Amino acid sequence: MPNNSKLTNKVSTIAVRSGINIDEHYGAVVAPIHLSSTYSLNAFNEKRQFDYSRTGNPTRATFAQAIADLEQGSVGIVTSTGMSAVHLICQLLSCDDTVVIPHDCYGGSYRLFTHLAKRGLFRLVVVDQNNDVELTKALAQQPKLVLVETPSNPLLRVVDIEKIVNISHDVGALVAVDNTFLSPVLQQPLQLGADIVFHSTTKYINGHSDVVGGVLVTKEQALGEELAWWANCIGITGSAFDSYLAQRGLRTLPIRMKQHQENAQQVAQFLKSHAAITAVYFPGLKEHPGHDIAKKQQTGFGAMLSFEIKGGVNAVKKLFAHLKLFTLAQSLGGVESLISHPSTMTHAGMEKEAQLEAGISQSLIRVSVGIEAIDDILADLNQGLVQSQL
């Protein structure tokens, strides 16, 4: 079976060629979906490559390999959701282990780690990873795992992956990086030394808001095999159909990200000078505190941004009520532009005190900039913002 992904390390070629021309039965250019839940044995106690789809599935395996190739890792594991991928990492931990997570991580990740810690499954340290003093104190506890999210959700804070990896490895910790906001096209944490990289494939990798899924890639083979064993054991592997759709989306990821980024840069510049806006959070702006780090470790600034609006929550409500092109909805990374209120939506699982500690105010709005015509995006935002101040 040809493996087109091994012919190059160029992300555009890997993304497009993944799963292409590998069908040896009929010569189908696009690999078929293997929906079978079970597979016959050749003979007594003589398994084929696949025997049961929770354990292994041809469609899922092709997609997993594609992401592993894009991230330049060893083992890819496709999970049922992005949070399944995070939960899978937790299988490496015991009650005596310490975990360090960022104080401004995705609300679902924060909720999972804090609640598992309350049950005594591990010890948890929540820290501002841009604060060297706090991070040093956290690492002095010799954690088993350090979770990194950069750029962060929803405030687009950027941390130096290579720096955190080095000081974490010095104390024997594994480093896992959430790469959902940028995708392998714009950032490759394993190449910066991370041990694990994971994504919600629901977002940019699929890109069409019609799949819920996750993926995890390890740098080392042995760690990947251990996590693959756990994925099968706890039953969180992704379905064949979702894997097929996500791989279909993956093929256009590089070209989509190009348009997403072009639009996002213009949106950020527009918001920066708008009278209704008090702050814009986007690493592509030179005044963003993480701009230089982002330039060093990323190949682009992505298409996620957030901003603070004058007038507090009442202005937020007015803006949402008057937008026509933007959709008020959870999630991100689809071709369509989405807008959300982190405090009551994506980060509702965080206590209000934790939200404030992370800098999430009631006037904060998060935007996933789509690939519509930029003139239409800016016009809709402008008329909504004008209405929000009346």
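The values are calculated or read from the model by the stated rules, or taken from the named source; none is laboratory data. Computed from a predicted structure; not experimentally measured. Don't worry about glycine lacking a Cβ; one is built from the backbone with ideal geometry, like all the others, and counts go over all protein chains shown.
Couple of notes before you dig in:
- Residue count for segment 29-74, restricted to those that are within 28 Å of G107 (Cβ to Cβ) and among the β-branched types (V, I, T): 1
- Close pairs from segment 12-41: first under 28 Å from G207 (Cβ atoms) and assigned by TED's automatic domain parsing to the domain that holds S53, partner in a strand (DSSP E or B) and hydroxyl-bearing (S, T, Y), Cβ under 6 Å, at least 6 apart: none
- Tally of residues being surrounded by fewer than 21 Cβ atoms within 10 Å (Cβ to Cβ), among the aliphatic types (A, V, I, L, M) and over 21 Å from S94 (Cα atoms) across segment 188-239: 2
- Considering only residues in segment 225-280 that are aromatic (F, W, Y) and under 20 Å from G207 (Cα atoms), the one that is nearest to the chain's Cα centre (by Cα) turns out to be Y244.
- Any hit, segment 1-16, residues being more than 23 Å from the chain's Cα centre (by Cα) and surrounded by 17 or more Cβ atoms within 10 Å (Cβ to Cβ): yes
- If you go through segment 106-126 and keep only what is surrounded by fewer than 20 Cβ atoms within 10 Å (Cβ to Cβ) and under 20 Å from the mean Cα position of the chain (by Cα), you end up with G108, R111, L112, T114.
- For Q362, the requirement of being outside the structural domain of T202 (by TED's automatic domain parsing), of a type outside the set (A, V, I, L, M), in contact (Cβ under 8 Å) with a residue 12 or more places away in the chain and within 27 Å of T201 (Cβ to Cβ) is not met.
- Condition broken by S183, with the remaining ones in (1) in contact (Cβ under 8 Å) with a residue 12 or more places away in the chain; (2) under 24 Å from S361 (Cα atoms) satisfied: (2)
- For segment 21-47, a tally of residues being in a loop (DSSP other than H, G, I, E, B) and farther than 24 Å from I234 by Cβ returns 17.
- All positions within segment 213-223 that are in contact with a helix residue (DSSP H, G or I) (Cβ under 7 Å, 6 or more places away or on another chain) and of a type in the set (A, V, I, L, M): V215, L216, V217
- For G334, the conditions (1) in contact with a Ser or Thr (Cβ under 6 Å, 6 or more places away or on another chain); (2) of a type in the set (G, A, S); (3) over 30 Å from I205 (Cβ atoms) all hold with the exception of (3).
- Entry remark, segment 224-277: residues being among the β-branched types (V, I, T), in contact with a helix residue (DSSP H, G or I) (Cβ under 7 Å, 6 or more places away or on another chain) and not in a helix (DSSP H, G or I) number 3 in total.
- Near pairs, Cβ below 9 angstrom, 6+ apart or cross-chain, from segment 151-166 (touching a residue at least 12 places away in the same chain (Cβ under 8 Å) and within 16 Å of Q355 (Cβ to Cβ)) to any residue that is among the β-branched types (V, I, T) and not in a loop (DSSP other than H, G, I, E, B): P154/I365
- Any hit, segment 318-332, residues being of a type outside the set (V, I, T), more than 19 Å from N179 (Cα to Cα) and in a strand (DSSP E or B): yes
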